[in-house]
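For reference, the structure discussed in these notes is given below.
The values are calculated or read from the model by the stated rules, or taken from the named source; none is laboratory data. Owing to the predicted nature of the structure, the values given are computational and were not obtained by experimental measurement. Note: ideal-geometry Cβ built from the backbone for every residue, glycine included; neighbour counts use all protein chains shown. Remember, those area values only see protein heavy atoms, side chains included, never the ligands or the DNA or RNA. Shrake-Rupley method; radii C 1.70, N 1.55, O 1.52, S 1.80 Å.
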Amino acid sequence: MDDEILEQLRERYASGNLIVFAGAGVSAAAGMPTWKQLAERLRDRARRKGADPAVVDEIQQYIASNQLINALSAAKLALGPQDFNWTVDKELDDTGREVPEVAQAIAALKPRLKAVLTTNIDRFLERAFQGEWRMVDRPTADIAMDRRFILKLHGTLRAWDTWVFSRDQYDRAIFGSPLLQDAFGALYRTHSILFVGFGLADDNIDQTLARVRALAGGQPPMHFALLPKGVPPFRRRLLEESGIRLIVYENQAGDHAEVAQLLLGLEPAAAPAQPPPPRAATPAPAPQPASSARPTAVPPASTHPAKARPVRVFFSYASRDEELLARLEAHMSPLKREGLIAPWHSGKIGAGEDLERAIGEQLEAADLILLLVSASYLASEQGDAQVTRAMERRAAGQAAVVPILLRPCDWETTRFAELQAVPRDKKPVTKWSDEDEAFLQVAREIRAVVTKLRASLR
């Protein structure tokens, strides 16, 4: 085993930017069928149900060449949706089975792990996390901003309508939305992924690695894979070209027991408790006059919870809309007075300052980016550049972005059109009979966003 690669993995975990991608081997450790075994059982059922021998042969050819997604898709076509779903549900039902050790080891990484992705539809991982992490079977465009979730890429048991068993279904479910594709691109570019429970010839990992290479734009980030000894040279090269660092274990007993040990080794052991130092003798306190009031104990300052800092708010706007910006700031002034936000816009740049540098620094530091949308804003090159960077930071989970509709314009064709804009009825502020009422609604929506963001800043 390469100790240097293992140390790199520990560093990624300690940074809080590691995602575990759990394959079928995690469930197979509890005696569940692998994807290949599932495909074989579906093939056998199709044969027993009298399917055309040519169809059964096609399923077998896909199985033999490890094109398991195609094999499952062909089996679904042969059996029909109802029979296929019933059979899969029965085969992958984990009721009464013990949670495998490797799933428990993944759950033990809860303190610093960003998230878990999995192609498994059984419930072993949810059970291992004991419901503490949110299960997601229908990802949304802001998934990259979240932490502590289990994303089930192929759906979840019992919810048949969430299942994904073909490449076109996968592409529609995960990458059908441009915003969702941006979110996954951000996950692959800005986080390290640890592949656990994937076989050397698993086309699930091949599909994922192809996606990683495409989204990385030729510069794949550092990812990792736990694999048993015996990786062929060409396979090793393919993985390494995809940015995968291999951590190879012996698997002497053939049960992959080393995987759980490796995962548990990522979480540093707690330092042994040290005995308290001997206390110096102190004189007895002088007697105090009797009083009916009990003195209030003041806890040490270190026991008080840290106060969340203000949310850094960046206003992206066109110069023609400065008057509307000023009115919005006035409606948001209670948030500033309460110490909830630290607002900034380019109007605060002093004489002699580097305009472009100041805007860039503030945009990069912002927790919340407000896009003040109008025709002038959409026509601005500077606004376009700020929108591009804002959406990149949003996709990477680094900032929230809220469009605020100031004036009528064709904003629903923009790259931020899928975001929830305010006012919520999509009626621009200047079209309201009472513009202050519109700004009040906007300010309340921003307060809700700020409240949610501050919870993550503690």
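For this structure, a couple of remarks:
- Counting only helices (runs of 4 or more DSSP H) that sit wholly inside segment 309-409, those with at least 1 residues that are acidic (Asp, Glu) are 322-337, 355-365, 381-395.
- Test: residue in segment 329-340 that is at pLDDT 75 or above and touching an Asp or Glu at 6+ places or on another chain (Cβ under 9 Å): yes
- Of all residues making up segment 424-455, the number that are at pLDDT below 90, open to solvent by 90 Å² or more (accessible area, probe 1.4 Å) and in a helix (DSSP H, G or I): 1
- Residue that is open to solvent by less than 40 Å² (accessible area, probe 1.4 Å), in contact with a Gly (Cβ under 7 Å, 6 or more places away or on another chain) and within 23 Å of residue 182 (Cα to Cα), where the choices are 395, 421, 390: 395
- When segment 117-156 is limited to residues that are among the hydrophobic types (A, V, I, L, M, F, W, C), free of Cβ contacts under 8 Å to residues at least 40 places away in the same chain and part of a strand (DSSP E or B), the one that is most open to solvent (accessible area, probe 1.4 Å) turns out to be 135.
- Applying the criterion of at least 1 residues that are open to solvent by less than 50 Å² (accessible area, probe 1.4 Å) and in contact (Cβ under 8 Å) with a residue 60 or more places away in the chain to the helices (runs of 4 or more DSSP H) found wholly in segment 42-111 leaves 68-79, 81-91, 101-107.
- Conditions (1) in contact with a Gly (Cβ under 7 Å, 6 or more places away or on another chain); (2) open to solvent by less than 40 Å² (accessible area, probe 1.4 Å); (3) at pLDDT below 90; number of the one not met by residue 114: (3)
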